[in-house]
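Inspection log for the structure reproduced underneath, given as structure tokens.
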2 protein chains.
Amino acid sequence: MTPTIKTVRCALSVPTVVDISDAINNTIDNKFTYLICPLFHPRFKREHIAGGLKHQELPMSRSDLDLNAECWQNYVVGHLSKFYNCDSEDEMTRKNAIIGLSEELRFVAHLNLTNFVIPIRNGNIENLARTLNNNLMNKLALYNILIRVPMHMDRLNIEIENFPARPKCDTPWNWWQKMRTLCEESTRLGLALELTNDLPEDEEEIHRWFAEPVRMVIIPTSLFLTNKSGFPVLSKAHQKFINKFLSLDIDFVIEGANRHSEKGMSKYFEYLNFLYKNYQLSNNTTNTYKFTKGYEDCLQNPLQPLMDNLESQVYEVFEKDPIKYAQYKKAVAEALCDRVSDEEKTSKETVIMVVGAGRGPLVKAAMQAAADTERKVKLFAIEKNPNAINTLLNLKHSLWGDKVTIIAKDMRDWYPTEKADILVSELLGSIGDNELSPECLDGAQRLLKDDGISIPYRYRSFIAPVQSYKIYSEVKRCKDYEHPHEAPYVVLLNNHCRIDDEKFLFEFTHPNRAEKIDNNRYGKLDFQAKFDATLHGFGGYFDSHLYKDVDISITPSTHSPDMISWFPMFFPLKNPINIKKNDTITVHFWRCVSSKQVWYEWCVTSPSNSVIHNPNGRTYWIGLH
Amino acid sequence: MTPTIKTVRCALSVPTVVDISDAINNTIDNKFTYLICPLFHPRFKREHIAGGLKHQELPMSRSDLDLNAECWQNYVVGHLSKFYNCDSEDEMTRKNAIIGLSEELRFVAHLNLTNFVIPIRNGNIENLARTLNNNLMNKLALYNILIRVPMHMDRLNIEIENFPARPKCDTPWNWWQKMRTLCEESTRLGLALELTNDLPEDEEEIHRWFAEPVRMVIIPTSLFLTNKSGFPVLSKAHQKFINKFLSLDIDFVIEGANRHSEKGMSKYFEYLNFLYKNYQLSNNTTNTYKFTKGYEDCLQNPLQPLMDNLESQVYEVFEKDPIKYAQYKKAVAEALCDRVSDEEKTSKETVIMVVGAGRGPLVKAAMQAAADTERKVKLFAIEKNPNAINTLLNLKHSLWGDKVTIIAKDMRDWYPTEKADILVSELLGSIGDNELSPECLDGAQRLLKDDGISIPYRYRSFIAPVQSYKIYSEVKRCKDYEHPHEAPYVVLLNNHCRIDDEKFLFEFTHPNRAEKIDNNRYGKLDFQAKFDATLHGFGGYFDSHLYKDVDISITPSTHSPDMISWFPMFFPLKNPINIKKNDTITVHFWRCVSSKQVWYEWCVTSPSNSVIHNPNGRTYWIGLH
């Protein structure tokens, strides 16, 4: 099934409108999705306080009757008509501005528009923020407020605007961060990011925007170059930026005079649609896209395969991973060859036990490895889920026959007469140990000969400090727990950025021949922030060594290409922590084991202290029985 | 009624106990209130992990049968038996320590002790904090954990302990702050503060301890000097410190060898009791003490005298203020003399209207002022509360006669035929305008002649950044609102400190002759932190100028002595903010007025951003009708 190629959502933004109906027709004729325009026209300009109410018999704007309700909603996004300086030092200017802004906001609600764009020019935004916050808290109004900021403002711009002495932390991102914090990270607040001629020198700063709730990228026509045929095109750097944001499902906006007038405004739309089409062709046909599309940034509670029995559908999804089982097959094949030399291969039999066999994919991989290497094997498939046992028995009767013995038991409770040369399992969760692979394999290693091989023989967890307004908002809305910020979530991290690269946290190896096995762990890690950021939590990942150097990984820097079985984990913080560039971020993680359950606790102690999350596993734990 | 002189609560702390029953008898014989001692004896020392369980047949400590349950509870506070290094770099040391500590904590719960003292020696406390936090979260255990820290550690001490390169922020207060933050500011966590020979050079740092939940001050006997008669006494500096903490109702603890052995241990107790007695004699007999004792740090919701009618008891308390009405009398007297010269005093009558007369204290003050100055007055008492009108009418018939006319109306709705020379009111709340004095007086100023006098003619609010673990915890527990941190509270701030001095916020003047009166206000204030601190909120105060320089004030730096009618206001923050010494604390306050109500909103934007509290007055507002 080939995915359909979709059309880009791209709006046209105009500074002024004479006849709104004509303007929309023009927008649609030029193929744009909708129109962005000021709702108020300068001819209706009023002085609210100083001038008294002398204009009160004049309308404040054009009539809502100019369009029908459906048309307003679908084809118009409002833009603030002028810069109201709600934070002027001058009290009268401030009061007038707040009244003017409030009037526009009321009109947006009256027209029932979905979005309203409000630009900010610097970090003095407290009174603006208060006015917006009061509107965002109003449950009757439903529109989103999109804060418009330039994505970058270099020193030159700042000097031109007469702010020679601005501190380094006064960047558009800091303005935005202040706005969203003051407004209690409202989900009705989004970003309209204005693409600038210069991009940040530091690529990390571009990534940081990617961790914000960008709803629109506004592209001024002045950024477009002209190609040999006279058509508008963007520079390579801008293209790269657009490509990155295409995965966020946002809208684009073309704004400014037509600088390629002989070609018509529609050419700008067509160019963006061309980029979108190419993006889809190169991405939407991949296996990863097929399996992961739609899961971006959605929180899932981690599986509890030991305590609960997995459903058929879950098995089916995992079995489709094209990489994982190829790696397992390779690992088993290499182990078989190390175990039995070419000379012995007709005489010596290798006992392979697959513990947690599920619906049999590892059994298949092991049989294939045996066939490929021409080794004789005796296979046991151990599985505790009676529903999966049914599948295995059907496979045995239809396909495998005597080569495979099915054992319907918890691996920790089976006492066979012979031991395994190779113990194969796939019990790993998003950070490796979180589905209790250590406890299961420790319990099952009795089954292994003293010189036997465990596949995998090692797995490690990794974590990275993460900023993500989107995921933090989702956690806040989660109703599954009393303390939703104390549970880790499995989530395909998309609308996020890593404030520093991931680091190694915990390690488990098998078989574990320690006299007294202790699977409690404590780790303290120091990260260094690559840029000013808001720390919302930690991404969790793992890698696993199956046999020798055959491995699988979902760790960002070593991710196995196209492997789709695992999404990362996200460990939230109760309260976001403000981070300055180069700050040390110190985090402590505990893996705690009691007789009944396993859980994690975590806290931050630099640059400031958080609470210890999930004490006693009160919110999240994984059952051992 | 003279208040009873109470005995100081002072415990004896000993490093080791042979026979617990004897030790308690000795404690009581020496007049101490209870005994602090280790629960575990070194002879029961066990190695938990490395040494295996070889000691498991030995008891871990003395038997609980040594005392009866009541005795354990009333006479014993446990002290950790040794320093368990739960945060050692060495994994085995760490694990052993955590097991040892957990064992002691379980035994404390078993004995049902009320308090358990745990010393910390530096800021590496994450594993200790996690262990304690897990116990604090356990709802079955009820004991308090008192973290023992030295109140000061100068550079010399630090160097002795081999930490020459410690950063400046690594003080005992920072260790404690880390502990309480990691443990989610648990109300079961308190402080056992150890008095040190050297006190902090900076007196502000002593104040900062005063804002923490200090439950005990431990005084080593080595700090005592010997007076001429051979008795133990403390230095002036230490006495001053003790005196400050006496208002917190904490326990004192004497610890260490008897250095005045010819006098017996009881002399230490007697000295502290002597300090306590003196403290009580100089404080508990004051008027302020009489009216405020018991209200310290208790949250009250602000009165709404405009919307609700006050109760008789409330009037009674306010009428007892010995200062307020004396100042009003003085103000009225001065105004009368300015209005009517000595020559005119027999001929010219002054019309005085008391708006919001309540049960008549201002009427009495005005009559007294007229008598004192021998001026002729015509008095009107305007009051909207029908119950208070009853009192006024009774007073008129029994006492005042024709001199006073009673008007049973809202001052905003009364239209008399003559106007007032002097309009007297007492409509002020803890920050001046919060009981809607501005709106009431603006509505009543029609009653005043063009050249008439308003008493008061001005009031101003002041705020100061405040640290108070105690009040923050109280706010968190408040069940009156969905967002308890968004409401201001009236509270006698005791267990708190100001991170910087108060600053002027809003001002109102009367009569207000502006063409269009606007009682909305916006203010932005910058404070500078005097020390590292945790910002929990803002204290709110007011001063009021009645007439010329006759004023009343509850502002810390100008508080009218002995005036008890108002407690300060506390504006909390949703989340405490960490502050470094010299940080700029920027706060924004809004007074917002709609047709129905008045409310405040506030936020912090430096050193980091808070949310905007109380948007639209969703949690707290004052009704105009």
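The values are calculated or read from the model by the stated rules, or taken from the named source; none is laboratory data. Not measured: the values here are computed from a predicted model. Heads up, the Cβs are rebuilt from the backbone with ideal geometry, glycines too, and the neighbour counts pull from every protein chain shown. Quick note on the areas: whole protein, heavy atoms, side chains included, nothing else; ligands and nucleic acids left out. Shrake-Rupley method; radii C 1.70, N 1.55, O 1.52, S 1.80 Å.
Might you check whether a residue that is in a loop (DSSP other than H, G, I, E, B), touching a helix residue (DSSP H, G or I) at 6+ places or on another chain (Cβ under 8 Å), crowded, with 20+ Cβ neighbours inside 10 Å and among the hydrophobic types (A, V, I, L, M, F, W, C) occurs anywhere in the stretch A:311-333?
No, every residue in the stretch A:311-333 fails to be in a loop (DSSP other than H, G, I, E, B), touching a helix residue (DSSP H, G or I) at 6+ places or on another chain (Cβ under 8 Å), crowded, with 20+ Cβ neighbours inside 10 Å and among the hydrophobic types (A, V, I, L, M, F, W, C).
Taking residue B:83 and the conditions (1) out of contact with any helix residue (DSSP H, G or I) (no Cβ under 6 Å at 6 or more places or on another chain); (2) more than 10 Å from every other protein chain (Cβ to nearest Cβ); (3) at pLDDT 90 or above, which numbered condition does it fall short on, given that it satisfies the others?
Only one criterion in (1) out of contact with any helix residue (DSSP H, G or I) (no Cβ under 6 Å at 6 or more places or on another chain); (2) more than 10 Å from every other protein chain (Cβ to nearest Cβ); (3) at pLDDT 90 or above is unmet by residue B:83, namely (3).
Going through the stretch A:358-381 one residue at a time, which ones are among the small types (Gly, Ala, Ser) and modelled with pLDDT of 95 or more?
Step one: list which residues in the stretch A:358-381 are among the small types (Gly, Ala, Ser), which gives A:358, A:360, A:365-366, A:369-371, A:381.
Listed by number, the residues that qualify are A:365, A:366, A:369, A:370, A:371, A:381.
Could you give me the residue pairs with C-beta distances under 7 Å whose first residue belongs to the stretch B:205-224 and is more than 18 Å from residue B:144 (Cβ to Cβ), whose second residue is of a type in the set (A, V, I, L, M) and open to solvent by 20 Å² or more (accessible area, probe 1.4 Å) wherever it lies, and which are 6+ apart or on separate chains?
B:206/B:199; B:221/B:257; B:224/B:233
Of everything in the stretch A:504-532, what is touching a Phe, Trp or Tyr at 6+ places or on another chain (Cβ under 9 Å) and modelled with pLDDT under 95? Give them in sequence order.
Answer for the stretch A:504-532, where residues must be touching a Phe, Trp or Tyr at 6+ places or on another chain (Cβ under 9 Å) and modelled with pLDDT under 95: A:531, A:532.
Consider the stretch A:32-43. How many of its residues are at pLDDT below 95 and open to solvent by 30 Å² or more (accessible area, probe 1.4 Å)?
Qualifying residue count, the stretch A:32-43: 3.
Among the numbered conditions (1) outside the structural domain of residue A:565 (by TED's automatic domain parsing); (2) assigned to a strand (DSSP E or B), tell me where residue A:464 comes up short.
Exception for residue A:464: condition (1).
Quick one: residue B:522 ticks every box in (1) aromatic (Phe, Trp, Tyr); (2) open to solvent by 30 Å² or more (accessible area, probe 1.4 Å); (3) more than 13 Å from chain A (Cβ to nearest Cβ) bar one, so which box is it?
Result: residue B:522 passes all but (3).
Of the residues B:394, B:390, only one is open to solvent by 80 Å² or more (accessible area, probe 1.4 Å), within 39 Å of the chain's Cα centre (by Cα) and without any contact (Cβ under 8 Å) to a residue 24 or more places away in the chain; which?
B:390
For the list (1) open to solvent by 20 Å² or more (accessible area, probe 1.4 Å); (2) within 14 Å of chain A (Cβ to nearest Cβ), I need the number of the one condition that residue B:600 fails.
So the condition that residue B:600 fails would be (1).
Of all residues in the stretch A:135-152, count the ones that are within 14 Å of chain B (Cβ to nearest Cβ), touching a helix residue (DSSP H, G or I) at 6+ places or on another chain (Cβ under 6 Å) and closer than 18 Å to residue A:113 by Cβ.
3
Looking at the stretch B:499-516, is at least one residue over 18 Å from residue B:185 (Cβ atoms), touching a residue at least 12 places away in the same chain (Cβ under 8 Å), within 14 Å of another protein chain (Cβ to nearest Cβ) and open to solvent by less than 50 Å² (accessible area, probe 1.4 Å)? Write out each step before concluding.
Of the residues in the stretch B:499-516, the ones over 18 Å from residue B:185 (Cβ atoms) are B:500-516.
Going one step further and asking which of them are touching a residue at least 12 places away in the same chain (Cβ under 8 Å), we end up with B:500-512.
Add one more test, that the residue is within 14 Å of another protein chain (Cβ to nearest Cβ), and what stays is B:506-507.
Filter again for open to solvent by less than 50 Å² (accessible area, probe 1.4 Å), leaving B:506.
Looking through the stretch B:499-516, at least one residue is over 18 Å from residue B:185 (Cβ atoms), touching a residue at least 12 places away in the same chain (Cβ under 8 Å), within 14 Å of another protein chain (Cβ to nearest Cβ) and open to solvent by less than 50 Å² (accessible area, probe 1.4 Å).
Taking the conditions exactly as written (touching a strand residue (DSSP E or B) at 6+ places or on another chain (Cβ under 8 Å), away from chain A (no Cβ under 12 Å) and either surrounded by fewer than 16 Cβ atoms within 10 Å (Cβ to Cβ) or modelled with pLDDT of 95 or more (or both)), does residue B:118 satisfy them or not?
yes
With the requirement that a residue be open to solvent by 50 Å² or more (accessible area, probe 1.4 Å), assigned to a helix (DSSP H, G or I) and of a type outside the set (A, V, I, L, M), what does the stretch A:273-287 give you?
Passing the criteria: A:274, A:277, A:278, A:282, A:283.
For residues that are within 12 Å of chain A (Cβ to nearest Cβ) and surrounded by 20 or more Cβ atoms within 10 Å (Cβ to Cβ), tally how many sit in the stretch B:579-589.
4
Within the stretch B:514-556, which residues are closer than 21 Å to residue B:588 by Cβ and assigned to a loop (DSSP other than H, G, I, E, B)? Quick ask: steps written out before the conclusion?
First, pick out the residues of the stretch B:514-556 that are closer than 21 Å to residue B:588 by Cβ: B:518-529, B:533-542, B:555.
Once the filter is applied, which keeps residues that are closer than 21 Å to residue B:588 by Cβ and assigned to a loop (DSSP other than H, G, I, E, B), the stretch B:514-556 yields B:518, B:519, B:520, B:529, B:555.
Among B:384, B:409, B:419, which is the only one that is open to solvent by 40 Å² or more (accessible area, probe 1.4 Å), modelled with pLDDT of 95 or more and farther than 24 Å from residue B:326 by Cα? Steps first, answer last, please.
Numbers: B:384 fails: modelled with pLDDT of 95 or more; B:409 fails: modelled with pLDDT of 95 or more.
So the residue among B:384, B:409, B:419 that is open to solvent by 40 Å² or more (accessible area, probe 1.4 Å), modelled with pLDDT of 95 or more and farther than 24 Å from residue B:326 by Cα is B:419.
Kindly indicate whether any position in the stretch B:343-354 is open to solvent by 70 Å² or more (accessible area, probe 1.4 Å) and within 26 Å of residue B:438 (Cα to Cα).
No - not one qualifying residue is present in the stretch B:343-354.
Hey, any hits in the stretch B:557-564 for a residue that's open to solvent by 10 Å² or more (accessible area, probe 1.4 Å), in contact with a helix residue (DSSP H, G or I) (Cβ under 6 Å, 6 or more places away or on another chain), more than 30 Å from residue B:326 (Cα to Cα) and outside any strand (DSSP E or B)?
No - not one qualifying residue is present in the stretch B:557-564.
Which condition number does residue A:185 fail, the rest of (1) on the phi > 0 side of the Ramachandran plot; (2) open to solvent by less than 10 Å² (accessible area, probe 1.4 Å) being met?
So the condition that residue A:185 fails would be (2).
Return the residues of the stretch B:569-619 that are under 24 Å from the mean Cα position of the chain (by Cα), in a loop (DSSP other than H, G, I, E, B), of a type outside the set (Ser, Thr, Tyr) and closer than 27 Å to residue B:440 by Cα; say none if nothing qualifies.
Answer for the stretch B:569-619, where residues must be under 24 Å from the mean Cα position of the chain (by Cα), in a loop (DSSP other than H, G, I, E, B), of a type outside the set (Ser, Thr, Tyr) and closer than 27 Å to residue B:440 by Cα: just B:614.
For the subset of the stretch A:1-31 comprising residues that are out of contact with any strand residue (DSSP E or B) (no Cβ under 8 Å at 6 or more places or on another chain) and β-branched (Val, Ile, Thr), which member is modelled with the lowest pLDDT?
The residue in question is A:2.
Return the residues of the stretch A:269-279 that are in contact with a helix residue (DSSP H, G or I) (Cβ under 8 Å, 6 or more places away or on another chain) and touching a residue at least 60 places away in the same chain (Cβ under 8 Å); say none if nothing qualifies.
Of everything in the stretch A:269-279, those that are in contact with a helix residue (DSSP H, G or I) (Cβ under 8 Å, 6 or more places away or on another chain) and touching a residue at least 60 places away in the same chain (Cβ under 8 Å) turn out to be A:272, A:275, A:276.
Is it the case, given these coordinates, that residue A:364 is open to solvent by 70 Å² or more (accessible area, probe 1.4 Å) and farther than 24 Å from residue A:622 by Cα?
yes
Kindly provide the set of residues from the stretch B:121-134 that are open to solvent by 20 Å² or more (accessible area, probe 1.4 Å) and at the interface with chain A (Cβ under 10 Å from one of its Cβ atoms), ordered by number.
Passing the criteria: B:124, B:130, B:134.
Pairs under 9 Å by beta carbon, first residue farther than 18 Å from residue B:488 by Cβ and among the hydroxyl-bearing types (Ser, Thr, Tyr) in the stretch B:562-586, partner assigned to a loop (DSSP other than H, G, I, E, B) and at pLDDT 95 or above, six or more apart or different chains?
If the second residue must be assigned to a loop (DSSP other than H, G, I, E, B) and at pLDDT 95 or above, the pairs left are B:584/B:529.
Can you list residue pairs whose Cβ atoms sit under 7 Å apart, with the first residue in the stretch A:102-118 being in the same structural domain as residue A:14 (by TED's automatic domain parsing) and farther than 24 Å from residue A:214 by Cβ and the second being part of a helix (DSSP H, G or I) and modelled with pLDDT of 95 or more? Count only pairs 6 or more apart in sequence or on different chains.
A:102/A:131
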